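Quick note: the coordinates plus some simple rules give every number you see, no bench work behind them. This one's a predicted model, so the numbers in the text were calculated from it and none came from an experiment. Because the Cβ atoms are built from the backbone with ideal geometry, glycine has one as well, and the counts that use them run over all protein chains shown.
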Amino acid sequence: MEAIGGVRGLTYLCIVIREIIKNYNHLTTIQAMSIINSQMPEFKVNAYRKDKGFFEVTNEDLKGKWSIFFFYPGDFTFVCPTELADLADHYEEFQALGVDIYSISTDSHFVHKAWADATDTIARVQYTMLADMTFELSYAMGVLGEESGQAYRGTFLFNPEGEVKIAEIHDNGIGRDASELLRKVKAAKFVYEHPGQVCPAKWKEGDATLKPSIDLVGKI
C-alpha cells in the first residue's frame, strides 16, 4: 500500500482526528444523557464514619435503600467543609426520609478521620465518608478530573432499585445547598411512591402535584 504523504497526508490526518473528536463528543453526550435511570456501579471502597471507625462499603450494602453520593474535591480544603457541614445540619431530615448519605472524595479513609479529628466543622459529620482512592466511583459517575485526580462536585440520588433519579455536577468553585437537595429528594420520593403524579417547579412537601393527561394540555 502506497504511503500517504505531503499535503494529502496532512489533510487525511486532520479528517481522522476530526472524526475521532466528533465520535468522542458524541459518546460523552450519550453518557451525560443516559446517567438518569442508569444503575449504580459495582464498587468496594474503604470508608470512615464517626460512630463506626474504618470499614468497607460495597454496592451490595446499598441495595434496597435510598442513597446519595455526594462527591467533593478534597479534604482540608475550602468550599468542601462548608458543604459537608451543611449536609450534616440536615442529616436527621434525610435519615427521617430513609435516605443514607455518602460523601466521596479521592482521599483515603485515614485522611477522612484526620480531617474529622482536626476540625470542629467535620467533627459534626455523622454520615459515611467514602475513600475513592482508586478513582473507580468518580470515574464511573463521570465526575473525575483526570488531570487533578480529584472529583468535581457531583450529587447523585439512587432509588431502592439502584437507579439514578437525580444527577447534578458543579464546577469546583460552586458550592451546593443541602436544603435544595432535600427538597428534590422529597420530590423524587413522592413521584416514586405516587405513580402517575409529577412535581412542578418549586414543589415542596404538601404542595399540589400534577397528573399529566390530555385534559391538562395547554391548561397550565
Do any of 65/186; 184/219; 52/165 go past 22 Å between their Cα atoms, and which?
184/219; 52/165
Between residue 96 and residue 163, what is 0.36 nm times their sequence separation minus the Cα-Cα distance? Round to one decimal in nm.
22.1 nm
Connecting C-alpha atoms closer than 10 Å in a GNM of the chain, tell me which of 109, 194, 170 has the biggest fluctuation.
194
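Note the per residue figure in Å³ for the convex hull of the C-alpha positions in the chain. Please list the in-between numbers first.
On the way: hull volume 45.1 nm³, N = 220.
Per residue, the Cα convex hull of the chain comes to 205 Å³.
Applying 1/(1 + (r/R0)^6) with R0 = 30 Å to the Cβ-Cβ distance of residue 38 and residue 208, what FRET efficiency is obtained, to the nearest 0.05?
Details: r = 31 Å, r/R0 = 1.02.
The pair residue 38/residue 208 has a calculated efficiency of 0.45.
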Restricting to DSSP H runs of at least four residues, report the calculated mean residue ellipticity at 222 nm for the chain, -39500 (n - 2.57) per run over all residues, nearest 500 deg cm²/dmol.
-11500 deg cm²/dmol
Convex hull volume of the Cα atoms in segment 71-176, per residue, in Å³?
97
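Starting with the fewest neighbours, write out 113, 65, 219 ranked by other beta-carbon atoms found within 10 Å of each beta-carbon. Don't jump to the answer; show the numbers that get you there.
On the way: 113 19, 65 13, 219 6.
If I rank by nearby Cβ atoms, fewest first, I get 219, 65, 113.
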Amide H of residue 43: which non-local residues (sequence gap of 5 or more, or other chain) have their own amide H closer than 5 Å, using H built in the peptide plane?
59, 60
Paramagnetic reach from residue 190 (point 7 Å along Cα→Cβ, amide N under 17 Å) across segment 70-114:
94, 97-98
